[in-house]
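Heads up: the structure comes next, in structure tokens.
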Amino acid sequence: MAIHPPADRLWWKEPLATSEVIWIAVAFLWGLVMFFTMIYWHFAGEQNLSSEAYKISPEKFAERTEAMAAKYKVREEGDTGVPVVRPPAGTDIYMFGRLWEWWPVLELEKDKTYRLHLSSLDWQHGFSLQPTNINLQIHPGYEMVVTLKPNKTGEFSVVCNEFCGVGHHTMVGRIYVVDAK
Ligand code: CUA
């Protein structure tokens, strides 16, 4: 029992029991397997994106997003009149999260590549693209940049999957993917 001192005070000099050596080896090897599985699954599992992250102030990010929206707005939708923005293929595109919306709505062309920049203007939000199940943590002060090439047309929802207050469940955005003109 650990509350009494060991009978032999130099207990750590005793040789390891075989079963102990086996368990240490098993645990160590399993640790290695799990570690390399993470790396393997990043490429083979097609679940995790290779995203980049950079520091950027919320003000600067808002400025870039608003500039893009002003330049490429094609229409407005919903009660709030959120702009639907159709930036040219191959460009840098922006979307921010804030209490409680994803802004703006993006309209992208199928089979064209974009660099999507995501950031938050206030708190931590979770970018979850449905139904494709792409998930990214979105923090103020940092932008996540994802290179994406939509391979399906349709309407995709952006759900916030990080609890961010009383309006969390209403924080839904949209991305349209349309055929190229
Ligand atoms: Cu934003 Cu939950």
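The values are calculated or read from the model by the stated rules, or taken from the named source; none is laboratory data. Just so you know, these numbers come straight off a predicted model, no measurement behind them. Because the Cβ atoms are built from the backbone with ideal geometry, glycine has one as well, and the counts that use them run over all protein chains shown. Each accessible area value is taken on the protein alone, full model and side chains, heavy atoms only, with ligands, DNA and RNA left out. Shrake-Rupley method; radii C 1.70, N 1.55, O 1.52, S 1.80 Å.
Hey, M171 hits all of (1) within 16 Å of the ligand (Cβ to nearest atom); (2) farther than 18 Å from F61 by Cβ but one; which does it fall short on? Of the numbered conditions (1) within 16 Å of the ligand (Cβ to nearest atom); (2) farther than 18 Å from F61 by Cβ, the odd one out for M171 is (2). One residue stands out among those in segment 74-104 that are open to solvent by less than 80 Å² (accessible area, probe 1.4 Å), farther than 19 Å from V146 by Cα and free of Cβ contacts under 8 Å to residues at least 24 places away in the same chain: the one that is nearest to the ligand (Cβ to nearest atom), which is V82. Taken over segment 1-36, the residue count meeting the criterion of being charged (D, E, K, R) and open to solvent by 100 Å² or more (accessible area, probe 1.4 Å) is 3. Restricting K71, K60 to those that are assigned by TED's automatic domain parsing to the domain that holds M95, closer than 25 Å to V85 by Cβ and open to solvent by less than 100 Å² (accessible area, probe 1.4 Å) reduces the list to K60.
Conditions tested, residue by residue: (1) open to solvent by 50 Å² or more (accessible area, probe 1.4 Å); (2) in a strand (DSSP E or B); (3) near the ligand (Cβ under 9 Å from one of its atoms).
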{"residue": "W123", "(1), (2), (3)": "yes, no, yes"}
{"residue": "G126", "(1), (2), (3)": "no, yes, yes"}
{"residue": "T132", "(1), (2), (3)": "yes, no, no"}
{"residue": "Q137", "(1), (2), (3)": "yes, yes, no"}
{"residue": "V146", "(1), (2), (3)": "no, yes, no"}
{"residue": "F156", "(1), (2), (3)": "no, yes, no"}
{"residue": "V166", "(1), (2), (3)": "yes, no, no"}
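Among the numbered conditions (1) part of a loop (DSSP other than H, G, I, E, B); (2) under 22 Å from E52 (Cα atoms); (3) modelled with pLDDT of 95 or more, the only one that H117 does not meet is (1). In segment 168-181, the qualifying residues are those that are of a type in the set (A, V, I, L, M) and part of a strand (DSSP E or B), and the one that is most open to solvent (accessible area, probe 1.4 Å) is V172. When G78, G90 are screened for being small (G, A, S), in contact with a Lys or Arg (Cβ under 7 Å, 6 or more places away or on another chain) and either at positive phi or not assigned by TED's automatic domain parsing to the domain that holds H168 (or both), only G90 passes.
For F163, indicate whether it is aromatic (F, W, Y), closer than 21 Å to A53 by Cα and modelled with pLDDT of 95 or more. Spelling it out, it is not the case that F163 is aromatic (F, W, Y), closer than 21 Å to A53 by Cα and modelled with pLDDT of 95 or more.
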